[in-house]
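The values are calculated or read from the model by the stated rules, or taken from the named source; none is laboratory data. The structure presented is a predicted model; accordingly, all values stated were derived computationally and were not measured. A quick note on method: Cβ atoms are made from the backbone with ideal geometry, for glycine too, and the neighbour counts reach across all protein chains shown. Heads up: the accessible areas ignore ligands, DNA and RNA and are worked out on the full protein's heavy atoms, side chains in. Shrake-Rupley method; radii C 1.70, N 1.55, O 1.52, S 1.80 Å.
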Amino acid sequence: AEATQRVARQAIEIVEDQVLDTAAEIRAETEAERLKASGQAKPMAAPPPADLPADGKLDVTVGHAEVGEAIGVTVKPTQKVGLLLKAWAGENEVGKDDYRLIVRGVPVDPEALISECGLSDNEMIAIRTRP
């Protein structure tokens, strides 16, 4: 009987720990949802550039470490980032769907605007092979 009680106590302690962990996770999710619903949540992205050149365009270099050649591209902040990938893929005669853009270590949505990605003049944009 004593061994059974010891096993039962251990089981109860394990279940209590699991319940406490789950409750903490639920509270964290609820807080995140509340913040998102409040409109105060800020999207995680690279910071915007400090200043645009006088002509309002950015000169950037786009390249992959192992595939093709890097190219220089002049873009406007109102253009989509995907144009950089399209230009690089076209120049290097590869399919753009096999690659993705990386800005300062952060994967970037090709539908995002240049202005939303924090690109700076004369910046290097990395191309990576999709996993």
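From the list Glu116, Glu111, which one is open to solvent by 50 Å² or more (accessible area, probe 1.4 Å), closer than 25 Å to Asp55 by Cα, at pLDDT 90 or above and of a type outside the set (A, V, I, L, M, F, W, C)?
Among Glu116, Glu111, only Glu111 is open to solvent by 50 Å² or more (accessible area, probe 1.4 Å), closer than 25 Å to Asp55 by Cα, at pLDDT 90 or above and of a type outside the set (A, V, I, L, M, F, W, C).
Hey, among the residues in region 77-99 that are within 11 Å of Pro110 (Cα to Cα) and of a type in the set (A, V, I, L, M, F, W, C), which one's nearest to the chain's Cα centre (by Cα)? Quick ask: steps written out before the conclusion?
If we filter region 77-99 for residues that are within 11 Å of Pro110 (Cα to Cα), which is where we start, we get 79-86, 96-97, 99.
Of the ones still in play, those that are also of a type in the set (A, V, I, L, M, F, W, C) are 81, 83-85.
On the way: Val81: 13, Leu83: 18, Leu84: 17, Leu85: 16 Å.
Here the residue is Val81.
In region 90-108, which residues are surrounded by fewer than 17 Cβ atoms within 10 Å (Cβ to Cβ) and touching a residue at least 40 places away in the same chain (Cβ under 8 Å)?
Residues satisfying the conditions are Arg104, Val106.
List pairs: first residue in region 61-74 and exposed (fewer than 15 other Cβ atoms within 10 Å of the Cβ), second residue of a type in the set (S, T, N, Q) anywhere in the structure, Cβ distance under 7 angstrom, at least six positions apart or on different chains.
Listed pairs, sorted by first residue: Glu69/Asn92; Gly72/Thr61.
Inside region 53-99, can you point out the residues that are assigned to a helix (DSSP H, G or I) and not aliphatic (A, V, I, L, M)?
So in region 53-99, the residues assigned to a helix (DSSP H, G or I) come out as 82-92, 96-98.
Within region 53-99, Gly82, Lys86, Trp88, Gly90, Glu91, Asn92, Lys96, Asp97, Asp98 meet the criteria.
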